[in-house]
1. When residues of region 11-24 are filtered for being touching a residue at least 12 places away in the same chain (Cβ under 8 Å) and within 9 Å of the ligand (Cβ to nearest atom), how many remain?
2. In the list 287, 283, 263, which residue meets the criterion of being at pLDDT below 90 and in contact with a helix residue (DSSP H, G or I) (Cβ under 7 Å, 6 or more places away or on another chain)?
3. Could you check region 125-174 and list, in sequence order, the residues that are outside any helix (DSSP H, G or I), more than 16 Å from the ligand (Cβ to nearest atom), touching a helix residue (DSSP H, G or I) at 6+ places or on another chain (Cβ under 7 Å) and under 22 Å from residue 201 (Cα atoms)?
4. Working only within region 12-47, note down all residues that are part of a strand (DSSP E or B), touching a helix residue (DSSP H, G or I) at 6+ places or on another chain (Cβ under 9 Å) and farther than 12 Å from residue 190 by Cβ.
5. Name the one entry in 110, 104, 95 that is surrounded by 17 or more Cβ atoms within 10 Å (Cβ to Cβ) and on the phi < 0 side of the Ramachandran plot.
6. From (1) in contact with a strand residue (DSSP E or B) (Cβ under 6 Å, 6 or more places away or on another chain); (2) outside any strand (DSSP E or B); (3) away from the ligand (no atom under 16 Å from the Cβ); (4) modelled with pLDDT of 90 or more, pick out the condition that doesn't hold for residue 95.
7. State all residues of region 306-340 that are surrounded by fewer than 17 Cβ atoms within 10 Å (Cβ to Cβ) and closer than 28 Å to residue 260 by Cα; if no residue qualifies, say none.
8. Please go through region 42-55 and pick out each residue that is within 9 Å of the ligand (Cβ to nearest atom) and over 23 Å from residue 220 (Cβ atoms).
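The values are calculated or read from the model by the stated rules, or taken from the named source; none is laboratory data. A quick note: this is a predicted structure, and the numbers were derived from the prediction, not measured. Here the Cβ positions follow ideal geometry from the backbone for every residue, glycine too, while neighbour counts run over all protein chains shown.
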Ligand code: ATP
């Protein structure tokens, strides 16, 4: 439905020039919940603003339904944006806010009233239609902003960190709500966030960005299970990264010199292991086992994070589920066996230093 081809954006000139996006390419399917995820400054807002038409590309194409829309002004693109700060008209009622764009298009009164009623039912705000939007809570204002953006029936809804102004509890509720809205309407959503948990819980696919590049595009599950590189491994969930070498069919850990057979080209690699996959104590069938010292225990309710220190000083964190009554049987200073099961070991390209 939407094809982004080699989209580039530079700001400024000469010595102060910043390249916010470097030839970014990807395709979004109709009805997808697609998320742009990355740390501050990675270029996700710039990319969204170019799709909306608020920013002109320095190069590349934006093709929607087979038509290059890069030169169309924002109001002629079949897309609409929900902003972080809602941008409602505070003196207008909820219903007036939601019907505003339709009124500006000169639609008949009856059609506007009908659409406003349907949109307010969709976001469960029918009872507040005549309240001024400036008198609503943050969560209610967010729903009005959503209803207003959906009212003109855009082909794509763009959402720029729409939940970041809400407190944690409301934010979680709105995550579920947004996903429901997207599924009920069947609309294509492009969602921008720097919050990996938010991205994982809502998206069909996620594009992980850093430094103006896309690092990987995949389903939440695939990003977590098969990160393409150590940036993605570190940004999605928690991970342990260890230096290692592949040498003549063997993987050798730099920190412990332990080794296991491996089918991989010779050279330096990074070994990635998720904390919940590490086994502490003796384990059958583990590929790599070595001794480490318990450094500290951090209690998280459902589980405990056990920080272990290897001989060279590097730290490996294991996550152990808490049993019903007993705590973990180790304490700081204990020497324990750390086991990495073979299917928990992922080899990533070694980062350029
Ligand atoms: P955040 O989460 O902080 O909003 P982001 O990932 O959305 O970050 P962008 O706002 O897209 O990042 O910015 C990407 C890069 O482009 C940054 O280095 C930023 O400083 C730069 N940039 C963005 N807008 C402009 C502008 N109008 N003029 C100059 N540089 C800009």
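1. Summing the residues that are touching a residue at least 12 places away in the same chain (Cβ under 8 Å) and within 9 Å of the ligand (Cβ to nearest atom) in region 11-24 gives 3.
2. 287
3. If the condition is that a residue be outside any helix (DSSP H, G or I), more than 16 Å from the ligand (Cβ to nearest atom), touching a helix residue (DSSP H, G or I) at 6+ places or on another chain (Cβ under 7 Å) and under 22 Å from residue 201 (Cα atoms), then 157, 166 are the ones that fit.
4. 20, 21, 24
5. 95
6. Condition (1) is where residue 95 drops out.
7. Matches in region 306-340: 309, 311, 312, 313, 314, 315, 321, 333, 334, 335, 337.
8. Once the filter is applied, which keeps residues that are within 9 Å of the ligand (Cβ to nearest atom) and over 23 Å from residue 220 (Cβ atoms), region 42-55 yields 46, 49, 55.
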